[in-house]
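Visitor: One structure, as structure tokens, below. Some questions next.
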Amino acid sequence: MMKKIAVLGSTGSVGTQTLEIVRTNGDIEVTALAAGNNIELLEEQIREFKPGLAAVWEAEKAAELKDRVRDLDIRIVQGMDGLLEVAGMPGYEILVTAIVGMIGILPTIEAIKAGKDIALANKETLVTAGHIIMPLAEEKGVSVLPVDSEHSAIFQSLQGGQRKALHKILLTASGGPFRGKKREELEHIEAEDALKHPNWAMGRKITIDSSTMVNKGLEVIEAKWLFGVSVEQIQVIVQPQSIIHSMVEYEDGAVIAQLGTPDMKLPIQYALYYPERRYLPGDRLDFGTLSQLTFEKPDMETFYGLKLAFEAGRKGGSLPTVFNAANEKAVQMFLDRKIKYLQIPEIIAACMEHHKNIGEPTVDEILKTERETYEFIKSRW
């Protein structure tokens, strides 16, 4: 039987790998695609996968795409209205949210309301609106299936046990390209240095976030919502080889881990076909040549973006939105060479300190908090 999906962020790293899985398996139909502004690649995807609907963020690019695919039977929509149309459209079962940023929140809510399962690769959605998304998913009886490799590992490790007996989540991190370095050694880091990740191939923003360990901080807050635990029950462990993707510890002290090669296709495929496991081509772990697995505590003084994430996750409310928005803006400024590398966590800390926390923010309040954070940064840096 054909499974039907829609993909938000189809031209990015997770989106293109999702479509590779569709291509390999042959039993998934793509009903809709949405992308930012890479319309050359989006046109190729449309011609190959033949969705009935495609959304593009910018009006100008949407018009250009419409012209390029005028020989095809497809509707082109644009902006947030376009994303919402894709999310809420009838006739598909799973929405893959591989879009980057808080623009993922409203389409995810729209899809849940329409009874769609969510294959979640958009961290910001749960980081900023977990208190809205998870209760809504429960109310509508839909699944939120993690696509992040670490959250997928936790999800897989929970399959054989009792969720209520979960004691602790052990969230692993590679440590990024600057593992072991001290703050003074990071003074003169340029974007090119931070964009070299030792184990994973990812988009630019996530690669920078991985180097500052802010990415791990976002994952801590996301895990809190996905698995219904407190931040105190989440421990970050640095596992430099990226072989153990995460672990869970049960009440009786048993630890279950998920291991594998660093390949995003596994968690994507697991989310799309859950609970079925399928053959996936690619490298396999060879325990004969794998000489060692090592572990370290994260250095939360040098990489204090992670410490700030724990604080935001503990306090909750609108503070995780500030953490996320400040980081998003600071990373962009760093990539544009407007600030130094070590200013990224400084900006996050200043924004969090300046903010008056809102206990249970509505979506409007979340988006307003994001705007206010951007304005505060603009006024100061």
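Visitor: Can you tell me which residue within the range 46-55, out of those that are touching a strand residue (DSSP E or B) at 6+ places or on another chain (Cβ under 8 Å) and in a helix (DSSP H, G or I), is surrounded by the fewest Cβ atoms within 10 Å (Cβ to Cβ)? Outline the logic, then answer.
Guide: First pass over the range 46-55, keeping only residues touching a strand residue (DSSP E or B) at 6+ places or on another chain (Cβ under 8 Å): 46, 49-55.
Filter once more, keeping what is in a helix (DSSP H, G or I): 46, 49.
Numbers: Ile46: 23, Phe49: 20.
Checking each candidate, the answer is Phe49.
Okay, residues lined up against (1) closer than 23 Å to Ser149 by Cα; (2) in a helix (DSSP H, G or I); (3) of a type in the set (Lys, Arg):
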position	(1), (2), (3)
Ile5	yes, no, no
Gly15	yes, yes, no
Thr18	yes, yes, no
Glu29	no, no, no
Leu33	yes, no, no
Leu41	no, yes, no
Glu44	no, yes, no
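Visitor: Return a yes/no flag: does the range 65-80 have any residue that is of a type in the set (D, E, K, R), within 18 Å of Ala114 (Cβ to Cβ) and not in a helix (DSSP H, G or I). Working first, answer last.
Guide: Of all residues in the range 65-80, those of a type in the set (D, E, K, R) come to 66-68, 70-71, 73, 75.
Filter once more, keeping what is within 18 Å of Ala114 (Cβ to Cβ): 75.
Imposing the further condition that a residue be not in a helix (DSSP H, G or I) reduces the set to 75.
The answer is yes, given that some residue of the range 65-80 is of a type in the set (D, E, K, R), within 18 Å of Ala114 (Cβ to Cβ) and not in a helix (DSSP H, G or I).
Visitor: Just to verify a result, which residue in the range 153-204, among those that are small (Gly, Ala, Ser) and touching a Ser or Thr at 6+ places or on another chain (Cβ under 6 Å), is nearest to Lys297 (Cα to Cα)?
Guide: Of the range 153-204, the ones small (Gly, Ala, Ser) are 153, 157, 160-161, 165, 173-176, 180, 191, 194, 201, 203.
After this cut, where a residue has to be touching a Ser or Thr at 6+ places or on another chain (Cβ under 6 Å) as well, the list is 153, 174, 176, 194, 203.
Details: Ala153: 20, Ser174: 11, Gly176: 13, Ala194: 21, Gly203: 26 Å.
Once the filter is applied, the top-ranked residue is Ser174.
Visitor: Right, another one. Cβ-Cβ below 6 Å, separation at least six or inter-chain, first residue in the range 127-148 and touching a residue at least 40 places away in the same chain (Cβ under 8 Å), second surrounded by fewer than 20 Cβ atoms within 10 Å (Cβ to Cβ) and hydroxyl-bearing (Ser, Thr, Tyr): which pairs?
Guide: As it stands, the answer is Leu145/Tyr274, since those pairs meet every condition given.
Visitor: Is it the case that some residue within the range 130-139 is buried (at least 24 other Cβ atoms within 10 Å of the Cβ) and either outside the structural domain of Ala257 (by TED's automatic domain parsing) or part of a loop (DSSP other than H, G, I, E, B) (or both)?
Guide: Within the range 130-139, the subset buried (at least 24 other Cβ atoms within 10 Å of the Cβ) is none.
Scanning the range 130-139, I find no residue that is buried (at least 24 other Cβ atoms within 10 Å of the Cβ) and either outside the structural domain of Ala257 (by TED's automatic domain parsing) or part of a loop (DSSP other than H, G, I, E, B) (or both), so the answer is no.
Visitor: Assess whether Leu95 counts as being surrounded by 19 or more Cβ atoms within 10 Å (Cβ to Cβ), touching a residue at least 40 places away in the same chain (Cβ under 8 Å) and of a type outside the set (Val, Ile, Thr). So that I can check it myself, show each step before the final result.
Guide: Working: surrounded by 19 or more Cβ atoms within 10 Å (Cβ to Cβ): yes; touching a residue at least 40 places away in the same chain (Cβ under 8 Å): yes; of a type outside the set (Val, Ile, Thr): yes.
For Leu95, the condition - surrounded by 19 or more Cβ atoms within 10 Å (Cβ to Cβ), touching a residue at least 40 places away in the same chain (Cβ under 8 Å) and of a type outside the set (Val, Ile, Thr) - is met.
The values are calculated or read from the model by the stated rules, or taken from the named source; none is laboratory data. Not measured: the values here are computed from a predicted model. Don't worry about glycine lacking a Cβ; one is built from the backbone with ideal geometry, like all the others, and counts go over all protein chains shown.
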